[in-house]
1. Got a sec? How would 169, 86 order by Cβ neighbour count within 10 Å, fewest to most?
2. Quick one: which residues, 5 or more positions from residue 93 or on another chain, have an amide H under 5 Å from its amide H? H modelled 1.01 Å from N in the peptide plane, none for Pro or chain starts.
3. Step through the residues of region 91-97 one at a time and calculate ³J(HN,Hα) from phi using the Karplus curve (6.51 cos²θ - 1.76 cosθ + 1.60, θ = phi - 60°), rounding each to whole Hz and writing x for Gly and Pro.
4. Along the positive direction of the dipole of region 3-201 (beta-carbon charges: Lys, Arg +1; Asp, Glu -1; about the Cα centre), which of 64, 124, 187 reaches farthest?
5. Considering only DSSP beta bridges where both residues belong to region 90-216, give the percentage that are antiparallel (nearest 5).
6. To the nearest 10 degrees, how steep is helix 46-56 against the longest Cα principal axis of the chain, on a 0 to 90 scale?
7. Give the aspartates and glutamates reachable from residue 111 as a straight Cα distance under 15 Å; neighbours fewer than 8 places away on the same chain don't count.
8. Just the number, please: percent antiparallel of the DSSP beta bridges in the chain, rounded to the nearest 5.
Amino acid sequence: MQPTIQRILDNIGKVMIGKTEIAELSLVALLSEGHVLLEDVPGVGKTMMVRALAKSVGAEFKRIQFTPDLLPSDVTGVSIYNPQAMEFQYRPGPIMGNIVLADEINRTSPKTQSALLEGMEERSVTVDGVTRKLARPFFVMATQNPIEYEGTYPLPEAQLDRFLFKLHMGYPTIEGEIEMLNRMENSTPIEALQPVITKAECTDLQQEAKQVYVDQSLKAYIVKLADLSRSHPSIYLGVSPRASLALMRASQSYAFLRGRDYVIPDDIQYLAPYVFAHRLILSNEAKYSRQTPHELVKELLSVIEVPVQRAAK
């Protein structure tokens, strides 16, 4: 494990118990300059995970609580007329932070959900015709309740495609829940959490992760997986080229997290279900037979021949 990454994970572990894999994948997304969608029932620690990550990397944390009456300007900010200056002045919205928690994103209308799209993809927002760059690092971690819950709006495919990973927290073990009660009996650990790196160091780590070597055979492996998803009989709509790029970037960051300067096939195989599954639209036959996107991604992995990895250049 890369030493700096281990310090961040240890810091998050002071608050989150038994969620090491989710913390690792969240860091992979941050290093890849991607975004994460956390789907689970209320109360399992989704918000706490985002706050712990933001505090650990010394980033400015902003929260957007999505509700049915939220407007796009409540996300991006708005220009307000200042009578003293006799001009309109921009008041930034919460999207102008470093790490943004989009809480219960599927509680609001698709119009407001789409207000996040420009920021997530272009790292900028446009208000009243003026485009403003977002600070770096910029990372959105959105939470949503399962779509079967009342009062939820399914995220459109275009927005799902902007998320690098879709993760599920899950309930803690009995031992983990008891440990949580012990830790929080007399205090709230998140309030005492201190940064282990600065924002500038976080940005440096992102640049270092991009230098991780990806062999041409592994790039071909990623593209073949993506291409097969577009022709599989159980998949109505396969992944986009953006997903291929996302898997390569995530594999670079995961290898960096593991202390390597090159990607191996195991990195791609481990990450592919997290990157591809939420981007797939299944055929009606697949839905009726109760196939899941994760199962289909694993089926794709079993079909494509794994390349023989050469040593890094």
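1. Listed from fewest to most nearby Cβ atoms, that is 86, 169.
2. Counting only residues 5 or more places away or on other chains, the set is 77, 78.
3. Rounded to whole hertz, the list is 10, x, x, x, 5, 7, x.
4. 124
5. If I count the DSSP bridges inside region 90-216, around 50 percent turn out antiparallel.
6. Approximately 80 degrees, to the nearest 10.
7. By straight Cα distance, residue 111 reaches 69, 74, 157.
8. Within the chain, antiparallel bridges account for around 40 percent of the total.
A short reminder: the numbers here are calculations on the coordinates, not readings from a lab. Just so it is clear, the structure is predicted and the values come from calculations on it, not from any experiment. With ideal geometry, Cβ positions are generated from the backbone for all residues, glycine too; neighbour counts draw on all protein chains shown.
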